[in-house]
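Encoded as structure tokens, the structure appears first; notes follow it.
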Amino acid sequence: MKRYIFSILIVLLFSGLRLSSQDEKAIINSLKKELFRFQEKLSKQQFPPYYISYQVFDVESGGVVNSFGKTLSKNSSKNRYLDIDLRVGDYQLDNTHRSERGGFSVSSYQSVRLPLNLDEVAIRTAVWNATEKAYKEATKQYQNVLSSKALKVREEDTSADFSRENPSVYFEKQNKVNVDLNKWEAILNRVSAKFRENKWLLEGRISFSYENTYKIFVNTEGTEIAQNEPKFRINIFVRTKAEDGMVLYLYKSFFGFTENELPTEDSINKSLEELISKLKKLKDAPLMETYTGPAILKGEASGVFFHEIFGHRVEGHRQKDPRSSQTFKSFLNQKVLPDFINVVFDPTLKEIGGTKLSGFYKFDDEGVPAQRVVSVDRGVFKNFIMSRSPVENFPKSNGHGRKNYGYRAVARQSNLIVESSKSVPFDSLRKMLIEECKRQGTEFGLLFESVEGGFTFTGRTIPNAFNVMPIVVYKVYVDGRPDELVRGVDLIGTPLTTFSNITATGNDLGVFNGVCGAESGGVPVSAVSPSILVSKIEVQKKDKSEEKPPVLPSP
Amino acid sequence: MLKKELSKTMKKIKLMLTILFLFFGIYQTFAITHSEILRAMRDELKRSMDSLYIETLQKPYFIEYTLKISNNYRASAFLGSIVDSSQVKKATLNVKVRVGDYKLDNSNFLDFSLSFFFGGIEEGSSRSIPIDLDYYALRRELWLATDYAYKNAANTYSKKIAVLKNRIIKDTIPDFAFAKPYKYYDTSLVQTNFDFMQVCTMLEELSDIFRNYPNIFNSMVSFEFLQDVVYYVNSEGTEYIKPKLFTGLESAGFLQVADGLPLNNFYSAYSTIPSKLPSKDSLAKAIRILCENLTQMEKASTLEDSYSGPILFTGQAAGELFAQVFAPNLVVQRSVLSDQGNQQFSRYTAFQTKIGGRVLPEFLSLNSLPLASEYEGVPLLGYFKVDDEGVPSQNLKLVDNGYLKTLLSSRTPIKRILISNGNNREGSAMFGNLELVSDKKHTKTYRELKQKLIQLCKQRDLPFGIIVKKIMNQNILSTVFPSLSPIEFKFSSEQNIIPIVEAYKVYSDGREELIRGVELKGISPQSFKDILLVGNKPYVLNILNQVISSSFSFSGWVGVSLIVPDLLFEDAELRPVEADFPKPPYLESPLLLKND
């Protein structure tokens, strides 16, 4: 309610300065004109399209990257991209049907750039050109699908290619941002001067970036959506090498929906100093040896862990792909986690405990309303996250069809939230760890403070086993010695057994905001989890880089 | 040559004065001065040469630093609206370290290890560094890049030695050619008063011309201004500062005729700086001509069958043909060693062993003219005083009365050419300005060439001859085409196929008839020996050409200029393009819709 009032205030304040919503409407109308012209004119063809959607990403973006107190790059741009989903055939079998070799056909088209001026004829001509191309491509694909279907044995999963959904209509005016990059350049210059005081650092980068994305979506089913998805970020990255040549790095990121939600210069400063001093400690920390025993994953680390090894495995469309491991397909309505744990995907949540969640959105990239999905209910696996590509037992989307421009939407994660009904204060969780160590007769337990997930840096696909690299790990000694930072830890093991070994959780919450990279491009996500206690975890020594630290001292 | 004998100190003083003057004149926008950049490079280079080595490994015998500070502008427009625009400022550092000696070092060796595919997080080459440099920031970057490059070089060197131990190598050509130290400082020519907004407005106006031709359903006008300043220092004492400037305006239009055949036409203008491009009015005129030609082509007929007979290439077509087929063979290509044995180049190797042999008819000669900055008032893109390795460039006679004299070389030697003749461009030997010249007797007017063509056709009982006036530009083909063409654009897998934009049938009465949808087949570098006659008005073709390098490395594009007269070939083959074309558009273009 508070937020509601606040937003009304903002609208009132700025309504005088703002342009009318004519601009946005002009684009929507141009898109609709072409959409219905194609639907009508192609209806008499042998293979008429049964579904067409246009999605426009109006992206105003920019940022500053700073290295050691010096500006590395600074840019800002405005682009308008168009993606088309044009389908021939019918909902049951269409041109997107997975090809013979398994897997989904990768669409060959790239986003089309639309004119930036609001010129109806120019925009429509570009849309027309792209639709002509998409239609020809779709009919070609559909004919291939028909002929390969005739040759093949019956498929295992007979679910439809495209789900039927109710149309939605929603309109937001386009956010206008006015980011002062020079101001940010000055801030970064000031705070990153700290990097230079630390001669042992091999890389010290800090960046500010924003992406003010306005998404327009229209389809032939009557859905018409215009929504803002603004993102503001600060990322800090530091890297060095230990004496034995092992590469060590740490990062920290901040996220906000507005520029004001980013931290102040003082707190950026503080984070940067903390990061540097932690890396310094890590550089001098002893190497980890092979270990099997209990461990605590702190909230942020646990969130990333769940995102990577649970979340990617419950993305619905993967269950259709014969090449995918389909870990959870046979676990429907069965226990996969201890019964005090729920795993929920909730894109409707904008913040938790005061922290903004970057996996928030109102409608997904197929125009379906965002929905809270309980994937694991009291330990029992209940739901996949779904796009409009149905799988066995899941004929409908639950609002998780997501993509970046230039890609086709598939089921992707939003805000992953690990909920627990067996939570204790963190101090008690620590005591439980020590107790567990004593029971298992180990000298110490491990505390994972942060891990690098496949989604901290974009561009990686689904992890096979663990693709979670711990970067800050402490030994917690049974005999009461202070915790000891160690480096070179590599997690091994299989995901399902690790899940079943969770014995308790803390009452704290860690939030990780990041960009997840997979087959439909980078999408913003977040992972929220309390700290978890795992009775058994296996680690081994990490392969280290052979390259020695620099021969000569810093000039 | 005499100038070199001038007292060195005199020269230094002169240079210092020039540099000081220019520093204050032009580079006020940079926080760091030229001399500070060079000082940081010299200091870190000296420190590295003196003390950078790991005991068990070889010491570096050669280090070079290349720092490129770029300010690039790009924009494109469609039907009167900008679709894409960007300005990128960046600084890129390349460090090369050689261990071993000139005879045998870590170069000319291909290491197919994992790092070849993935690289590390550390970068010695193409390292992005801050744009607002100061002395210490630059030294820091040089330090890290040199350390990385050294370890990499030492590592490669030991692998190379290991491979050589197991092989009997006949190839005893040195790995690296010695070059005398040379200093060159050119800090002129940087444009500060460039108005990007004005260019964007111009692009919108130019692209709006296509609106009057609704039959052309896809089109684009794009612009590029690349402005680099390059700083170079090596451990032999060579240093230079030089600008690299390139400006281009490209436009292309596409349509499809009823039988599905896609047609296109393009216009391009390339120069050094934006003010040297043709005026807005002449650009507008050129784009209107493009549209008119494309519209005419829609009504033109094509060839029924393949044509085999004499072909006259005029203007742009002669230059483009020469650039695509003949010129790439004029550079030295060194084979590289890998653990699989010697890796030979497969492309453009026609003349590698032909020095002394005849490659053109005896009435033709070919000059390489990197020192020419313009030709009859037209700025030449292949102009440079010093090459990328700091070797002074020189004008050379490559082909003398039909016989090949030498090839263009860099500091990477081959058996026949052991020294650099100053033609390293973007990492490989590459041509800059080439001029094809003929004796008087074989130089004819267009009218005479056409008569000769008709006469040859009569002798061979051909109903018509062919004149080719425009050939697809390779740069546009690889940049603009894939996204704009109505068909999935495939690069021809067949060798020696050249897409033709404008060709004409010429009948015995001299009448010219435009034909569409044809391609040239089977013209090879050897075909140029059969040129019969050339025109009297050489065409200056300024284009972007891909650097000739091994298929294992990324190759950039450089500006080149070809000064080539019309060329009459005795025998060549032209054929209609045959492929399964997609259907023409199902719906009318929105440009044709009156109101809805």
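Bear in mind that the values in this text are calculations on the coordinates, not laboratory data. Keep in mind the model is a prediction, meaning the values are calculated, not measured. Ideal geometry is used to build each Cβ from the backbone, glycine not excepted, and the neighbour counts take in all protein chains shown.
What nm distance separates the two modelled labels at A:Asn507 and A:Lys548, each placed 7 Å from Cα along Cα→Cβ? Roughly 5.4 nm, to one decimal. Taking the empirical scaling 2.2 N^0.38 Å for compact globular proteins as reference, the range A:18-284 has a Cα radius of gyration ratio of 1.34. Each peptide in A:188-201, B:218-231, B:414-427, B:44-57 receives the mean, over its residues, of other Cβ atoms within 10 Å, and ordering these scores from highest gives B:218-231, B:414-427, A:188-201, B:44-57.
Figure legend: label point modelled 7 angstrom from the Cα of A:Asn393 along Cα→Cβ; residues of the range A:336-374 with amide N under 16 Å from it are A:336-337, A:374. Per residue of chain B, the DSSP helices (runs of n ≥ 4 H) give a summed -39500 (n - 2.57) that works out to -7500 deg cm²/dmol at 222 nm.
With both labels modelled 7 Å from their Cα along Cα-to-Cβ, the B:Glu448 to A:Lys422 distance reads 10.0 nm.
Full extension of the chain between B:Ser128 and B:Asp571 yields a length gain of 154.4 nm, computed as 0.36 nm times the residue separation minus the alpha carbon distance.
May I ask what percent, to the nearest 5, of DSSP beta bridges between residues of chain B are antiparallel?
Working: 115 of 130 bridges.
Approximately 90 percent, going by the DSSP bridge assignments.
How about A:Lys431: which lysines have a C-alpha closer than 18 Å to its C-alpha, ignoring those fewer than 8 places off in the same chain? Here the lysines satisfying the reach criterion relative to A:Lys431 are A:Lys298, A:Lys422, A:Lys475, A:Lys536. Peptides B:282-290, A:281-289, A:63-71, A:231-239 ranked from most to least packed give A:63-71, A:231-239, B:282-290, A:281-289, packing being the mean of other C-beta atoms within 10 angstrom over each peptide's residues. With R₀ set to 35 Å, the beta-carbon distance separating B:Ser86 from A:Thr258 gives a calculated FRET efficiency near 0.85. Remark: mean inter-chain Cβ contacts per residue of A:127-135 equal 5, using a 10 Å Cβ-Cβ cutoff to other protein chain atoms.
Using r as the Cβ-Cβ distance of A:Leu332 and B:Arg74, and R0 as 41 Å, what FRET efficiency do you calculate, to the nearest 0.05? Before the final figure, lay out each step's value.
Numbers: r = 52 Å, r/R0 = 1.26.
For R0 = 41 Å, the calculated efficiency reads 0.20.
Judged by the ratio a/c of the largest to the smallest principal axis of the C-alpha gyration tensor, the range A:234-310 counts as oblate, that ratio being 1.5 or greater while a/b is no larger than b/c. Neighbours of B:Lys280, meaning other residues whose beta-carbon lies under 15 angstrom from its beta-carbon, give a summed charge of -2 when Lys and Arg score +1 and Asp and Glu score -1.
Apply the a/c threshold of 1.5 to the C-alpha gyration tensor of the range B:267-338 and tell me whether it is rounded, prolate or oblate.
Values: a/c = 2.89, a/b = 1.20, b/c = 2.41.
Oblate shape, in that a/c is at least 1.5 and b/c is the bigger or equal ratio.
With the convex hull of the Cα atoms taken as the outline of chain A, the averaged projected area works out to 28.0 nm². Between rounded, prolate and oblate, where does the range A:291-541 land on the alpha carbon gyration tensor, with a ≥ b ≥ c its root eigenvalues, rounded for a/c under 1.5, else prolate if a/b exceeds b/c? It is prolate, given that a/c is not under 1.5 and a/b is the larger ratio.
Once every DSSP H run of n ≥ 4 in chain A is given -39500 (n - 2.57) and the sum is divided by its residues, what mean residue ellipticity at 222 nm do you get, rounded to the nearest 500 deg cm²/dmol?
Numbers: 9 runs with 133 residues, N = 555.
When only DSSP H runs of four or more count, the value is -8000 deg cm²/dmol.
Positive end of the dipole of the range B:344-395 (Cβ unit charges, origin at the Cα centre): among B:Ala350, B:Gln394, B:Ser368, the Cα lying farthest that way belongs to B:Ala350.
May I ask which of B:Lys276/B:Lys469; A:Lys215/A:Lys542; B:Lys285/B:Lys529; A:Lys25/A:Lys136; A:Lys25/A:Lys329 have a Cα-Cα span longer than 32 Å here? Among B:Lys276/B:Lys469; A:Lys215/A:Lys542; B:Lys285/B:Lys529; A:Lys25/A:Lys136; A:Lys25/A:Lys329, the Cα-Cα distance tops 32 Å for A:Lys215/A:Lys542; B:Lys285/B:Lys529; A:Lys25/A:Lys329. Local charge for A:Glu221 was computed over the other residues whose Cβ lies under 12 Å away, with Lys and Arg +1 and Asp and Glu -1, and equals -1. Rounded to the nearest 10 degrees, the angle from helix B:34-51 to the longest Cα principal axis of chain B is 60 degrees. What the Cβ-Cβ distance of B:Asn395 and A:Asn198 gives, at R0 = 60 Å and to the nearest 0.05, is a FRET efficiency of 0.65. Summing Lys, Arg as +1 and Asp, Glu as -1, what charge do residues with Cβ under 11 Å from the Cβ of B:Lys469 carry, B:Lys469 excluded? Surrounding charge for B:Lys469 is -3.
Between B:Gln546 and A:Asn144, the simple spin-label model (points 7 angstrom out along Cα→Cβ) gives 2.5 nm. Per-residue packing, averaged as other Cβ atoms within 10 Å, sorts the ranges B:317-327, B:95-105 into the order B:317-327, B:95-105, beginning with the highest. The slack in the chain from B:Glu374 to B:Lys59, taken as 0.36 nm per residue of separation less the alpha-carbon distance, amounts to 108.9 nm.
Placing a label point 7 Å from the Cα of B:Ala284 along the Cα-to-Cβ line, the residues of the range B:213-252 whose backbone N sits under 16 Å from it are B:213.
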